[in-house]
Each structure stands twice: as structure tokens, then as C-alpha cells.
Amino acid sequence: LMELQDNQSKLTRNLSTVNANIEEVEGKLKTLREDWTQENNREFSVEISGICPTCNQSLPVEQIEEAHEKAREYFNLQKSNALAKINQRGKDLKGELQDLQAQIPLYEKNLQALNEEIANQQEFVDGIHFIITGLEKSVGDVTDNPEYTAKLKEKDSTTQAITALSANTQSAKDELQQ
């Protein structure tokens, strides 16, 4: 019964751990959704000076437009990579969440079967205790049993006889040695 109760405690702890892990993963997914929204809402903005930093002369318009376009492409690439990374992490967490959620019914089923077995064992133990209590009450005090008291008297008289014989043997031994 104690072994079953230990198993019940272990299963209950495991189920609690799985539920805690589910909450943790759901929290991470929420954070990822917020990160994705924040990244997706990020806007491209860049200011390109029309002056060459080396010679301080005005740059041609096509160079400014080309630099602006390269900056936009770089921004879009970075944003796309960040969103893809968040999406992949979200998919991984979603798979982990599904695995954890699939464990719950198994733990619950095992826990239910264990609880039923514990109840059956406890019922058996209670029945044994009831029988033992009944037997103890029916036996009563052994000193009230005439057979028992007769055997006790017989034991006492036998013990006295042995003691007397032992004393006689010792005195006979002492006489022979003199």
C-alpha cells in the first residue's frame, strides 16, 4: 500500500511539473507573439546625408537614391530574418506544448488507475483490521481460561520439582566429594 502511495505521489508531482512546463511554454509563446508584432510593426526610416563624409561635397541624387535603396533592402532582409527566426521558435514551442499536453491524459489515466488500486488495497487492509479487532475481542483475557491456568500451575510445579532435584543433586555431589 505504501509503495502504491509513493507511486501516486510521484505521478502527482510529474503531472504538476508537466502543468508548470505548459504554463512556462505558453508564457514564452505569448512573449514571442509580442516580439513578432513589435518586429512586424517596425518601420524603415533612414536619413542619408547628401554630403560626402570625406570631401564634404554634395553627392549626386542617384547615389543618394542607391544608398537609400540598399539601406531599405538591408532593413527588409533583417526584418524578414528576425520574423522567420521568431516564427521558427514559435513552431518549436508549439510542438513542445503539444507534446506536454499529450502527456496529461496519460498521467491522469495512470493516476486514476493507481487511486482505484489504492482504494481497493485500503479496503482490504481495513477488512483485515476489522477481523483482527474481532478476534482480539473474542479471545479475551487468557488468565480467565481454565486450561491456561491449569498449564501455568503444571509449569510451576514442574519448575519446583526441577529446582528440588537440582538441589538434591548438588548435595549428593557434595557428600561424595567429602
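The values are calculated or read from the model by the stated rules, or taken from the named source; none is laboratory data. Note that the coordinates shown come from a computational prediction; the quantities given were computed from them, not determined experimentally. As a convention, Cβ positions derive from the backbone with ideal geometry for all residues, glycine included, and neighbour counts pool all protein chains shown. Calculation scope for accessible area: heavy atoms of the full protein, side chains included, ligands and nucleic acids excluded. Shrake-Rupley method; radii C 1.70, N 1.55, O 1.52, S 1.80 Å.
At-a-glance table
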read-out: Complete set of residues in segment 135-175 that are at pLDDT below 85 and among the β-branched types (Val, Ile, Thr); value: 139, 142, 143, 169
read-out: Residue under evaluation residue 149, criteria (1) within 28 Å of residue 11 (Cα to Cα); (2) touching a helix residue (DSSP H, G or I) at 6+ places or on another chain (Cβ under 7 Å); (3) β-branched (Val, Ile, Thr), criterion not met; value: (1)
read-out: Any hit, segment 90-112, residues being more than 22 Å from residue 14 (Cβ to Cβ) and out of contact with any Leu (no Cβ under 8 Å at 6 or more places or on another chain); value: yes
read-out: Residues (within 60 Å of the chain's Cα centre (by Cα) and not in a helix (DSSP H, G or I)) located in segment 132-178; value: 140, 141, 145
read-out: Residue that is surrounded by the fewest Cβ atoms within 10 Å (Cβ to Cβ) [pool: residues in segment 3-57 that are assigned to a loop (DSSP other than H, G, I, E, B) and of a type in the set (A, V, I, L, M)]; value: 46
read-out: Any pair with Cβ under 9 angstrom, 6 or more apart, that starts in segment 27-42 at a residue that is touching a residue at least 60 places away in the same chain (Cβ under 8 Å) and ends at one that is open to solvent by less than 70 Å² (accessible area, probe 1.4 Å) and of a type outside the set (Gly, Ala, Ser); value: 28/93; 29/93; 29/97; 32/86; 32/93
read-out: Selection within segment 58-69 - open to solvent by 80 Å² or more (accessible area, probe 1.4 Å) and either within 18 Å of residue 42 (Cβ to Cβ) or among the aliphatic types (A, V, I, L, M) (or both); value: 61
read-out: Criterion violated by residue 51 - all others in (1) within 30 Å of residue 15 (Cβ to Cβ); (2) more than 41 Å from the chain's Cα centre (by Cα) satisfied; value: (1)
read-out: Count of residues meeting criterion [over 24 Å from residue 34 (Cα atoms), open to solvent by 60 Å² or more (accessible area, probe 1.4 Å) and not hydrophobic (A, V, I, L, M, F, W, C)] in segment 74-114; value: 6
